[in-house]
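To start, the structure itself, in structure tokens.
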Amino acid sequence: MPGRSPLRPYALTAGRTRPTRDLRLTDCLLAVAATPRQTWTPEHQALHLWCTGAPCSVAELAGRLGQPTQVARVLVSDLLDQTALSFVTAPTDPDEPDVDLLERCLHGLRALQ
């Protein structure tokens, strides 16, 4: 199910606009040994598959899904609520700056010069 879905974002999330979890774009997730459920949409199945074997960030999942990050957050929250995904590392305080991310951004900006 790679690429952009022909469905509108509100259809993919059943009209929901807010995830049940506070997810950052850099949060990494890994699939728990669970088989896809019959109630999962093709997007849920794809997200679970992409997190099988190697962790994926929320931003990467949104990109692979071809949908806005908010849509990915809602769908990832569904899978976390069903314990089909788990965090690779515990989420940190969203108000605390991610030093590693800031350093990578700085390195990238310097490389542009």
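Okay, here's what the table says:
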{"quantity": "Condition check for S77: more than 10 Å from the chain's Cα centre (by Cα) and either touching a residue at least 12 places away in the same chain (Cβ under 8 Å) or part of a loop (DSSP other than H, G, I, E, B) (or both)", "calculated": "no"}
{"quantity": "Positions within segment 33-53 being at pLDDT 90 or above and in contact with a strand residue (DSSP E or B) (Cβ under 9 Å, 6 or more places away or on another chain), in sequence order", "calculated": "L47, H48, L49, W50, C51, T52"}
{"quantity": "Residue identified as in contact (Cβ under 8 Å) with a residue 60 or more places away in the chain and either in contact with a Phe, Trp or Tyr (Cβ under 7 Å, 6 or more places away or on another chain) or of a type in the set (A, V, I, L, M, F, W, C) (or both) among L7, L23", "calculated": "L23"}
{"quantity": "Which listed residue is touching a Lys or Arg at 6+ places or on another chain (Cβ under 9 Å) and exposed (fewer than 13 other Cβ atoms within 10 Å of the Cβ), from R18, R73, R37", "calculated": "R18"}
{"quantity": "Test: residue in segment 55-69 that is part of a helix (DSSP H, G or I), closer than 15 Å to P9 by Cβ and in contact with a Ser or Thr (Cβ under 8 Å, 6 or more places away or on another chain)", "calculated": "yes"}
{"quantity": "Residue that is exposed (fewer than 14 other Cβ atoms within 10 Å of the Cβ) and at pLDDT 90 or above, where the choices are D93, D81, D100, D27", "calculated": "D81"}
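The values are calculated or read from the model by the stated rules, or taken from the named source; none is laboratory data. Keep in mind the model is a prediction, meaning the values are calculated, not measured. With ideal geometry, Cβ positions are generated from the backbone for all residues, glycine too; neighbour counts draw on all protein chains shown.
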